[in-house]
Amino acid sequence: ASGEESGTPLAGRSVLVTAGGTREPLDPVRFLGNRSSGKQGAALAAAAARSGARVRLIAANVAAEVIAELPGTVTVEHVETTAELQAAAEAAQPDSDVVIMCAAVSDYRPAEVAAHKMKKEGDAGLRLELVQNPDILAGLVRTRAPGQLIVGFAAETGSPDAGIEQLARAKLLRKGCDLLVLNDVSAGQAFGTESNSVILYARSGDTVTEVARASGTKAEVSQKVISGLVSVLDR
Ligand code: CTP
Ligand code: CA
């Protein structure tokens, strides 16, 4: 039976997943970070492994309890900063048929990292200068080999000017990846919780189409995302 029939549609494929959130050091004891737990990325890695793929997970500051629940076949590499995540993702890209950029990447990092713990000066406040981090996903899109499928994520809250679906469609076109998973994070949903609500979009040229919607546990949502991804791979 083919992998499709046996329930392992990703048999023979290798999948790279990034998960968690990058941290940018300010000094030896402090960092700029975000609320990503890495649970959604870990659930995607597990779902890809259950679908028969060889899976490599690049984990940015993901708790040991989350890593412990992964299938033993998933290879895990731990990173902390955006620069480390970028180096790890670029190194693994050539061996991957599918890249899933689920990690929450810090858009900025401190312009300078203090070598020693920063001390207060009297009762003065503090201004930090930040510089923008490179866009890892956009870089992977530029350097990919033909046939590699690249999946981006967008966590959006929406604003009075733009709804989340409009923002996601525009982001997919801007990033140039093949698929985008929109995660509704309005009202603090998603971060650190067990459940999620997503819409999966696919891009073909300048056209964006909705492939699937899923709500439920991060495992259930991941299974749907992997199924949607398989349908696009088989096109
Ligand atoms: N991403 C990335 N490198 C960055 C920022 C984001 O690879 N420096 C990836 C994320 O992993 C995600 C996708 O890009 O897959 C979208 O991230 P998001 O933060 O939603 O998009 P940005 O382009 O950073 O736009 P903004 O935060 O301004 O909405
Ligand atoms: Ca961002």
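The values are calculated or read from the model by the stated rules, or taken from the named source; none is laboratory data. All values reported here derive from a predicted model rather than from experimental measurement. Every residue, glycine as well, gets a Cβ built from its backbone with ideal geometry; the counts of neighbours run over all protein chains shown. Areas reflect the complete protein model, heavy atoms only, side chains present, ligands, DNA and RNA absent. Shrake-Rupley method; radii C 1.70, N 1.55, O 1.52, S 1.80 Å.
What FRET efficiency, computed as 1/(1 + (r/R0)^6) with R0 = 35 Å and r the Cβ-Cβ distance, is obtained for Asp123 and Arg35, rounded to the nearest 0.05?
The pair Asp123/Arg35 has a calculated efficiency of 0.70.
Using each residue's phi in segment 56-65, evaluate 6.51 cos²θ - 1.76 cosθ + 1.60 at θ = phi - 60° and report the 3J(HN,Hα) Karplus result to the nearest Hz, with x for Gly and Pro.
Each residue's phi maps through the Karplus curve to give 10, 10, 9, 10, 9, 6, 9, 4, 4, 4 Hz.
Provide the per-residue ³J(HN,Hα) series for segment 36-49, in order, calculated from phi with Karplus coefficients 6.51, -1.76, 1.60 and θ = phi - 60°, each as a whole number of Hz, with x at glycine and proline positions.
Values, residue by residue: 5, 8, x, 5, 5, x, 5, 5, 5, 4, 5, 5, 5, 5 Hz.
Taking a label point 7 Å from the Cα of Ala68 along the Cα→Cβ vector, which residues of segment 30-55 have an amide N closer than 17 Å to it?
Those under the cut-off are 38-39, 42-43.
Starting from 0.36 nm per residue, how many nanometres of slack lie between Leu130 and Arg174 once their C-alpha separation is accounted for?
13.5 nm
In nm², what is the average projected area of the convex hull enclosing the Cα atoms of segment 150-235?
Numbers: hull surface 22.1 nm².
Result: a mean projected hull area of 5.5 nm².
Would you please state the base-10 log of I(q)/I(0) at q = 0.08, 0.14, 0.18 1/Å for the chain, with intensities from the Debye formula using one equal scatterer on every alpha carbon?
Those come out to -0.30, -0.89, -1.43, one per q.
Rounding to the nearest 10 and keeping the result within 0 to 90°, find how far the Cα-based axis of helix 82-92 lies from the longest principal axis of the chain.
30
Quick one: helix 164-175 against the long Cα principal axis of the chain, what's the angle to the nearest 10°, folded into 0 to 90?
90
Work out from phi, with θ = phi - 60° and the Karplus expression 6.51 cos²θ - 1.76 cosθ + 1.60, the ³J(HN,Hα) of each residue of segment 103-119, listed in order in whole Hz, and give x for Gly and Pro.
Once rounded to whole Hz, the list reads 5, 8, 8, 4, 5, 10, 9, x, 4, 9, 9, 5, 6, 10, 4, 5, 10.
Which FRET efficiency, nearest 0.05, do Ala162 and Thr193 yield, Cβ-Cβ r, R0 22 Å?
So the FRET efficiency works out to roughly 0.35.
In degrees from 0 to 90, rounded to the nearest 10, what is the angle of the helix 218-233 Cα long axis to the longest principal axis of the chain?
So the helix axis and the longest Cα principal axis differ by about 60 degrees.
Treating cross-link reach as a plain straight distance, find the lysines whose alpha-carbon is under 29 Å from the alpha-carbon of Lys171, omitting any fewer than eight places away in the same chain.
Result set, ordered by chain and number: Lys39, Lys218, Lys224.
Output needed for segment 64-107: three equivalent-ellipsoid semi-axes, defined as square roots of 5 times the C-alpha gyration tensor eigenvalues, in descending order, whole Å.
Output for segment 64-107: semi-axes of 19, 15, 10 Å.
Using a cut-off of 14 Å between beta-carbons, work out the net charge of the residues near Gly176 (Lys and Arg +1, Asp and Glu -1, Gly176 not included).
Local net charge: +4.
Mind ranking 8-21, 28-41, 204-217 by how tightly packed they are, going by the mean number of other C-beta atoms within 10 angstrom, highest first?
8-21, 28-41, 204-217
Can you give the % of DSSP beta bridges in the chain that are antiparallel, to the nearest 5?
45
Given the C-alpha atoms of segment 43-142, compute the convex hull and give its volume per residue in Å³.
Output value, Cα hull per residue: 133 Å³.
If you roll a 1.4 Å probe over the chain with all protein chains in place, what percent of the accessible area is carbon or sulfur?
49
Nearest 0.05, what FRET efficiency do Glu112 and His78 give at R0 = 30 Å with Cβ-Cβ as r?
My answer for the efficiency is 0.75.
Can you tell which of Ala92, Ala64, Ala168 shows the greatest fluctuation in a Gaussian network model of the chain with Cα springs below 10 Å?
Ala64
What is the distance, in nm, between label points placed 7 Å from the Cα along the Cα-to-Cβ direction at Ala138 and at Ser215?
In this crude label model, Ala138 to Ser215 measures out at 3.4 nm.
Between Ala46, Ala162, Ala124, find the one with the highest GNM mean-square fluctuation for the chain; connect C-alpha pairs within less than 10 Å.
Answer for the Gaussian network model of the chain: Ala124.
Under a 1.4 Å probe, what is the accessible area of segment 126-181 per residue, stated in Å²?
56
Rolling a 1.4 Å sphere over the protein heavy atoms, what is the accessible area per residue of segment 9-85, to the nearest Å²?
Solvent-accessible surface per residue comes out at 42 Å².
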